[in-house]
Structures are given as structure tokens and as C-alpha cells.
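> Sharing a structure below in C-alpha cells format, with a few things to ask.
The values are calculated or read from the model by the stated rules, or taken from the named source; none is laboratory data. Quick caveat, the model's predicted, so the values are computed rather than measured. Cβ coordinates were reconstructed from backbone atoms using ideal geometry, including for glycine residues, and neighbour counts include every protein chain displayed. Surface accessibility is based on the protein's heavy atoms, side chains included, excluding ligands, DNA and RNA. Shrake-Rupley method; radii C 1.70, N 1.55, O 1.52, S 1.80 Å.
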Amino acid sequence: MKKNHYIIIAVMIAAFGAASCKKDYLDVKKIPADMPVELMYKRYDYIQGIVWNAYSYLPDGFAWLDMEAATDDAYHTFVGNRSHIFNYGVWNQFNNPDGVWANYFNGIFQANLFLKHKGEADLSSIANSIVNNDSTAYKRAVSNLKFMEGECHFLKAFFYFELVKRYGGVPIINEPLDYNKPETWQGLQRNSVDECFKYIASLLDKAAVIIPDSVRTNSATSWYESGRVTYGAIKALKARALLYAASPLYKEAGSTFTWADAAAAAHEVIAMNVFNLDASYANLSGAANVSSAEAIFFRRHGAQNGLERNNFPIVFEGSNGNSLTPSQNFVDEFEVKTGSTSVPFDWNNIAHASSPYANRDPRLAATVVTNGTSFKSTTIQTYIGGNSGQPKLNATKTGYYLSKHVNQSVDLLNNTTTTHQWLYIRYAEVLLNYAEAMLNAYGAAADPQGYGMTALQAINRVRTRSTMPALTDVTADAVVHERRVELGFEGHRWWDMRRWKKANVFAQPVRSITITLNGSNFVYTPTKLEDRVYDASKMNWYPIPQAEITKTGWQQNTGW
């Protein structure tokens, strides 16, 4: 009875969650609280809601955005923001502000519930409603049930990947074990990192067999709603997972996947010939980004303005200064274009230092609001005494504001709103994944597998989309650079530096820019803003929550 009671409660929560997030996914039929569990999975009209509940455990990219301030790319203006706990080095197994353990195991539980009961769905009422030999509704229901199976395999893979990249090996669970019942976890052992990555790959392989690419284009499946898992999303997640599995941190932990495996997986996405780079880099953080040919998997959000209220420069009434502000470390990463070539920005170069935002990689202007930027037809002044600079209350401390994801059409005074869509995976990332894997497997200019693209060609496709000059060679440092500027503030830097075992950079000071107005000229002075703490001997992995250690008796991750 307790198990049945829990499941009913879970689905009631799902119904509530769907009501509050229906713009995120789709409208779902509310499940009555008194619905007997034995009927819940038999009723086809309710079973889609159960799958949407599994979707609801996917990460909210915008909610995670403040964690960019725990990298060297940003600083959060609000002193109580969770990123500062990471930056001071005071997080641990008792207090982890990014503690997602329970969320993802609950998501795995929901997916496993469906996979266990999927065969119980009763379609007889739909079959009995066929009139004039029109079996369209019945065929749709049959197909939809099958596709939902593939979706749940994908979702499990997604949740497991999020866990493994944080904690290392975790228990592989194929039955719907109730996370909230400790007795069901007693005796479970953590699987190895290699076993987990192999399991993730196997789940995605299963999903790819069930959900064909034709779902997108076949008129018979036009009812398959935008935002649901697609074949391209399955293949792209596998490419990302194998890239991590081949990276130094995970290889050291026992992964047997290779760079060649990761390159082959990324090539499968490219060979689909479905996705393309958007002509405009700025479109990718706009309100219509999910319609871009670059969007592979995404989450839709309802109309809101919280992101804008937090991140608009403070010259705008209604901005609250709860801002995620790019660092000077990040801004310095963008190259300076000089004719048909480009060079790294250099404060020792007099021309660069006197006009630091001139002729920069265009992705800088699409990502960062700098001093003198026109924002909502207002010139933003981040210099000392400027309309959005220090010492004004809640002004940026780095000298910059965030432009990426922030919609300038919002009117905070009139409380207008806008839709936001978080792109979990986009095509530029696939190309950069491919470039990194090919470089490490075969070198910059070799293509021994006949994929039709070298590492150099892949990285140049990403650069030239933003009118940056093509490289003549590609190195590991070039990969690090390109991922930082192309994928900035999209949730990659925190994990990239860890998997490369280069996260000790997070222990280096975060810098800002002090700008003073001297007559009609600006003087730009890079300044240390904050010292930070990062202990790579343990912080490359998250600690297992202490409650789980107590429950299971597992050995804690090293150093915690």
C-alpha cells in the first residue's frame, strides 16, 4: 500500500508540475488523486502525463546559469548567491549548492516506472472507436507508446550522464526503486565509471532504434510535438557523453572509451545532414532560437522577465542588480581581428589597451555588454560614475553586464515578458566535440576514417560563421579557446575544465576592469576583483551527499 500511495503522490506532483510548466513541455491531462495505481498505466489518456513527469527532471539551464560565476568567466553581484560558496571553497558533502543527486535519481525512478508498466496500457477503447475503417487514432496511440519508451531510455541516459560527470560511478538501476525509501537502496553498490558510460551509451542506442529520424519529417507523425526527444538529440547526447568518457578525468577513472569513439559518435550527427550553423550567432540566444537549424534539443519556458530583471544594466528602472556579470578573464579571451587574420587580445599592446572593445571577435558583443554598448537605445556607461557603473548601488563589479540570453525587448516598467528556450545541445557544440575528438585521435588535418571533415575544418566552420578568420592549424589550446568563446554562458566551462583536468585555473584571481573618464578619453585598468579557492585534488569530483554515504555505506569520493 505504501508503494502505491507513493506512486499516486508522485503523479499528483507531476500533474501539478505540468500545470506550472506547461509551456516548458506540453499540456497534460490531470490525473485524479484517487486514481487506482492499477488503472494509472492502463489509461492511455494519462500515460503521456507520466512521461512528461520524467521530462520535468531535466535540468533548468536558466536556473543553473548563476553557476557560471563559479568559473573564471563571471562574478555574481548578489553576495548571497550560491556561486560564492564554491568560490570560497566551503562546499562539501553536507552543503553542495549544486546537489542534484536526489533530482536525477527521482527522474530515473520515474523513467523506470514507465518502462516497467509500458506494456499495461489498454488501447481497446481507441480500437473500439474506429469508424469507417479510419484507424488513424489507434495507429497514433501505438506509435506514441513506442516512442515514449525511447524517450524514457534517453531521459535515463541524460540523468545518468549528469550524475556521472559530477560524482563518478553511481549505481545502475533498472527497476523503479523509490529514492525516498532508504531500505530499497541498502545493499546497492556503485558501478564503475566505465560501466556507467557503457550503460549510458547502451540506453541511447536503444532509444535510437525506437525513435527514427523520420519522426521529424513524416506527415504520419506530425503530432510528435516540438521539444520531445528526437533521433538527432539521441545521437548528439551520445557524442557528448563519449567525448567526456574519452577525456583525461574519466580515462583516469577507468573509462575505456577512446577519442576515436567520440569522433565516430559526433560524425553520426554531422552525417545526418539535418543540422546547420545559424547564420547569426546572436539568434541562438533569442526568443526564437528553437526554430534555428542549429537547435538539436531544448527546453521551452513560458513568458517571463526574471532573467531580464536580474541582468539588465542598472540604468533601467526595475533592474534589481542580481546580476551575473562576465569577468575580465572571459572578455580577454576574445581575439582582435586584423584584416584577414586575428591575434589574441593583449593589454601590453597599446592599440588594444587604449580601445579594448574595437575589432573584437563579434561573439563578444553578442555575449557581453561593455562600456559604450547601445542597449535598448541607451548607451551603457560602466565607467566610475557612469549610469551603470560603480559606485551605484548594485552596479556591476566587473565592469560588464550579460547580453547573451537577455532579451532587450522586455519593458520592466510595464512588466512585459518574453519566452525563453534553453538549448541543451546545438550543432556548433557537435562540431567542436568532433574537432576535439578528431584532433586527439588523428591530428589536426587527418581524416583516416573518411568522415569528410578534419578537426581543423570543423573548428573553422564554427569560427567563420562568426566572421572570424580561419585557422591554419588547430591545437589543444585552440579547442579550449573556441569552446570558451562559442559556448560561453551555456553551461560548459565548469565541466570542460574538470574533464580536461585543467580546473586549477579556477583558483586564479578573477579580474575586472576599472574604467575612468579622463576628459573625453577613457582609461582602462585591469584589476584583481577576487581571489578564489579550488582544490583540484578533490574538487574535480563532487562529494557524494553524506546522507547517501550513511544510507549505503559507500566509500566517499577522494578528499571529501
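> Could you list, in sequence order, all residues of the stretch 334-353 that are touching a Phe, Trp or Tyr at 6+ places or on another chain (Cβ under 8 Å) and not in a strand (DSSP E or B)?
Once the filter is applied, which keeps residues that are touching a Phe, Trp or Tyr at 6+ places or on another chain (Cβ under 8 Å) and not in a strand (DSSP E or B), the stretch 334-353 yields PHE334, GLU335, PHE345, HIS352, ALA353.
> Return the residues of the stretch 344-372 that are surrounded by 13 or more Cβ atoms within 10 Å (Cβ to Cβ) and over 18 Å from VAL523 (Cβ atoms); say none if nothing qualifies.
Residues satisfying the conditions are ASN359, ARG360, ASP361, PRO362, ARG363, LEU364, ALA365, ALA366, THR367, VAL368, VAL369.
> In the stretch 139-161, is there at least one residue being farther than 24 Å from HIS117 by Cβ, in a helix (DSSP H, G or I) and open to solvent by 10 Å² or more (accessible area, probe 1.4 Å)?
no
> Return the residues of the stretch 165-187 that are over 16 Å from LYS116 (Cβ atoms), open to solvent by less than 40 Å² (accessible area, probe 1.4 Å) and assigned to a loop (DSSP other than H, G, I, E, B); say none if nothing qualifies.
Matches in the stretch 165-187: GLY168, GLY169, VAL170, PRO171.
> Continuing with the same structure: Quick test of your reading of the structure: ILE210 fulfils all but one of (1) within 26 Å of LYS502 (Cα to Cα); (2) open to solvent by 20 Å² or more (accessible area, probe 1.4 Å). Name the failing condition by number.
Condition (1) is where ILE210 drops out.
> Here is a check on your reading of the model: is ILE314 open to solvent by less than 20 Å² (accessible area, probe 1.4 Å) and either aliphatic (A, V, I, L, M) or not in a loop (DSSP other than H, G, I, E, B) (or both)?
For ILE314, the condition - open to solvent by less than 20 Å² (accessible area, probe 1.4 Å) and either aliphatic (A, V, I, L, M) or not in a loop (DSSP other than H, G, I, E, B) (or both) - is not met.
> Take the stretch 39-58 and flag every residue that is open to solvent by 30 Å² or more (accessible area, probe 1.4 Å) and assigned to a loop (DSSP other than H, G, I, E, B).
LYS42, SER56, TYR57
> Does ARG493 meet the test of being under 23 Å from the mean Cα position of the chain (by Cα) and over 21 Å from TYR88 (Cα atoms)?
no
> Another question, if that's okay. Could you run through the stretch 215-237 and say how many residues are hydroxyl-bearing (Ser, Thr, Tyr), in contact (Cβ under 8 Å) with a residue 12 or more places away in the chain and either open to solvent by less than 10 Å² (accessible area, probe 1.4 Å) or closer than 19 Å to GLU294 by Cα (or both)?
So the count comes out to 3.
> Name, by its number, the condition in (1) open to solvent by 20 Å² or more (accessible area, probe 1.4 Å); (2) at pLDDT below 95 that does not hold for SER202.
Every condition holds for SER202 apart from (2).
> If the requirement is being part of a loop (DSSP other than H, G, I, E, B), buried (at least 17 other Cβ atoms within 10 Å of the Cβ) and touching a residue at least 12 places away in the same chain (Cβ under 8 Å), which of these qualifies: PHE275, PHE297?
Sole residue among the options that is part of a loop (DSSP other than H, G, I, E, B), buried (at least 17 other Cβ atoms within 10 Å of the Cβ) and touching a residue at least 12 places away in the same chain (Cβ under 8 Å): PHE275.
> Being in contact (Cβ under 8 Å) with a residue 24 or more places away in the chain and open to solvent by 20 Å² or more (accessible area, probe 1.4 Å): is that true of ALA536 here?
Taking the combined requirement at face value, the residue satisfies it.
> Name the single residue that is most open to solvent (accessible area, probe 1.4 Å) among those in the stretch 380-428 being among the aliphatic types (A, V, I, L, M) and assigned to a loop (DSSP other than H, G, I, E, B).
Here the answer is LEU393.
> Moving on. Does TYR104 meet the test of being open to solvent by 10 Å² or more (accessible area, probe 1.4 Å) and within 18 Å of the chain's Cα centre (by Cα)?
In short, no.
> Would you mind telling me which numbered condition in (1) open to solvent by 20 Å² or more (accessible area, probe 1.4 Å); (2) within 16 Å of GLY168 (Cβ to Cβ); (3) not basic (Lys, Arg) ASP477 fails?
Of everything listed in (1) open to solvent by 20 Å² or more (accessible area, probe 1.4 Å); (2) within 16 Å of GLY168 (Cβ to Cβ); (3) not basic (Lys, Arg), ASP477 misses just condition (2).
> Inside the stretch 495-526, can you point out the residues that are in a strand (DSSP E or B) and either in contact (Cβ under 8 Å) with a residue 40 or more places away in the chain or buried (at least 19 other Cβ atoms within 10 Å of the Cβ) (or both)?
VAL510, ARG511, SER512, ILE513, THR514, ILE515, THR516, LEU517, PHE522, TYR524, PRO526
> Answer yes or no: is there a residue in the stretch 73-81 that is assigned to a helix (DSSP H, G or I) and either surrounded by 21 or more Cβ atoms within 10 Å (Cβ to Cβ) or not hydrophobic (A, V, I, L, M, F, W, C) (or both).
No: zero hits.
> Here's a follow-up. Identify the residue in the stretch 453-471 that is part of a loop (DSSP other than H, G, I, E, B) and touching a residue at least 12 places away in the same chain (Cβ under 8 Å) and, among all such residues, is surrounded by the fewest Cβ atoms within 10 Å (Cβ to Cβ).
THR467
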